[in-house]
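Colleague: Have a look at the structure that comes next, please.
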Amino acid sequence: MLRLTPWRGHGQRGQFAGTFSGMSQKNEIPNFFVYGVPSRALDVGFLHVETVMDRKTLHFGHVASHKHPLMGQITYWYKGGGRYRIEDRTWNFSAPTISFVPSNIIHGFEVDDQSDAIVVSVSDDTLKALASQVDLSLDMPTFLTARPDDPSWQKVDTLLQMVSAEYRERGGQSEKVMLGLIGVVLSLMNRLGGSAALPSASPMVTLALALRSAVDRHYKSDWPVGNYVDLLATTPHLLDKASREVFGHTVKEMLLDRRLLEAKRLLMFTIRSVEDIGREVGFEDPAYFSRFFRKRVGEAPAAWRRRNLERQPSGNDAA
């Protein structure tokens, strides 16, 4: 069960922080790519846009509680209404309503067939890149209901309709445009939430977020887990527990995943050599870097780079 801090926000905004108290219950919650599609590895910079009713033949408006382990979602209800769940909170809502749910947060809803929403799914690596540019905290869920007198709602509607149109018309070819629009939407969500204070995170979540920040700073140095234990003034058991419960990975897996993510970014977006990229992410031995990459991805770095660069941008990644 996820333990959550109390609701705050003058009836307009809800934000939560918490952690699972048991791995067995967590494992019973379905992991999805998009609703009804099993979870899978995401490409670097993954972005997908669809409406809730694009998949109505799968859920008929009744989406069971589920989570996405690798991406966060913005859901903007522009018509209709129903009941929405985030962890152990439930709301009766009507449009316009918007939420942001980070990865690994359980959510679901029930609506009638006259309701619809734009759903924007963004990979965790892209959200990390956006975090410093937006005003909204991307570590915790946000749920916002309409204030008719606030013109920011019309801006949100216009921006997300533009995001949806861009994705339909140009798919991955308009990534920069869509990310710019999405960043503005996230900042407007913070504005719509007013000045309500964020709830305090549980000690487990606080530790996990501190770990993620430390990994981002030091992963290139190939620190052993003990260095992170010392830096965060904790114990190996507590650090690994926080990592598993909040992110679903051990500390060692988090370190390896972060190095792999950076390697993929450099392979895709630079012309640096494979050997140079390996050194950049902490592998002095090029052969060791290649073995590491092949083991986790299934092909050598050069082959992965060639395949991804040759592939034409497409909006059908999540069809």
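Colleague: Conditions first: (1) more than 27 Å from ILE98 (Cα to Cα); (2) out of contact with any Pro (no Cβ under 7 Å at 6 or more places or on another chain). VAL229 passes all but one, so which condition is the exception?
Modeller: (2)
Colleague: Now for a different question. For region 127-183, how many residues meet the condition of being touching a Ser or Thr at 6+ places or on another chain (Cβ under 8 Å) and assigned to a helix (DSSP H, G or I)?
Modeller: 6
Colleague: What tally of residues in region 235-287 results from selecting those that are open to solvent by less than 30 Å² (accessible area, probe 1.4 Å) and not in a helix (DSSP H, G or I)?
Modeller: Here the count works out to 4.
Colleague: Taking VAL274 as the residue in question, decide whether it is more than 22 Å from LYS128 (Cβ to Cβ), of a type in the set (A, V, I, L, M, F, W, C) and not assigned by the TED database to the domain that holds LEU136.
Modeller: Considered against the rule, which asks whether it is more than 22 Å from LYS128 (Cβ to Cβ), of a type in the set (A, V, I, L, M, F, W, C) and not assigned by the TED database to the domain that holds LEU136, VAL274 comes out as yes.
Colleague: Take the residues in region 268-281 that are modelled with pLDDT of 90 or more and of a type outside the set (D, E, K, R), then tell me which one is farthest from ARG305 (Cα to Cα).
Modeller: VAL281
Colleague: Taking the conditions exactly as written (open to solvent by less than 20 Å² (accessible area, probe 1.4 Å) and without any contact (Cβ under 8 Å) to a residue 24 or more places away in the chain), does ALA214 satisfy them or not?
Modeller: yes
Colleague: For the subset of region 67-83 comprising residues that are open to solvent by less than 40 Å² (accessible area, probe 1.4 Å) and in contact (Cβ under 8 Å) with a residue 60 or more places away in the chain, which member is nearest to LEU127 (Cα to Cα)?
Modeller: Ranking the candidates gives GLY72 first.
Colleague: Please indicate, with yes or no, whether at least one residue in region 301-318 is at pLDDT below 90, part of a loop (DSSP other than H, G, I, E, B) and open to solvent by less than 40 Å² (accessible area, probe 1.4 Å).
Modeller: Yes, region 301-318 has at least one match.
Colleague: Within region 84-104, how many residues are touching a Ser or Thr at 6+ places or on another chain (Cβ under 6 Å) and open to solvent by 40 Å² or more (accessible area, probe 1.4 Å)?
Modeller: Total meeting the criteria: 0.
Colleague: Which one of these is more than 26 Å from ILE106 (Cβ to Cβ), in contact (Cβ under 8 Å) with a residue 12 or more places away in the chain and among the acidic types (Asp, Glu): GLU262, GLU245?
Modeller: GLU262
Colleague: Would a scan of region 111-124 turn up a residue that is outside the structural domain of SER243 (by the TED database), in a strand (DSSP E or B), over 22 Å from MET178 (Cβ atoms) and of a type outside the set (Val, Ile, Thr)?
Modeller: So far as region 111-124 goes, no, none of its residues is outside the structural domain of SER243 (by the TED database), in a strand (DSSP E or B), over 22 Å from MET178 (Cβ atoms) and of a type outside the set (Val, Ile, Thr).
Colleague: Another question, then. For region 204-223, check the following and say yes or no: at least one residue is touching a strand residue (DSSP E or B) at 6+ places or on another chain (Cβ under 6 Å) and part of a helix (DSSP H, G or I).
Modeller: no
Colleague: Name the one entry in ASP124, ASP157, ASP135 that is farther than 26 Å from ALA210 by Cβ and either among the acidic types (Asp, Glu) or under 13 Å from the mean Cα position of the chain (by Cα) (or both).
Modeller: ASP157
The values are calculated or read from the model by the stated rules, or taken from the named source; none is laboratory data. Note that the structure is a prediction, hence the values are computed from the model and not measured. Please note: Cβ atoms are built from the backbone with ideal geometry, for glycine as well, and neighbour counts cover all protein chains shown. The area values use the complete protein model at the heavy-atom level, side chains included, leaving out ligands, DNA and RNA. Shrake-Rupley method; radii C 1.70, N 1.55, O 1.52, S 1.80 Å.
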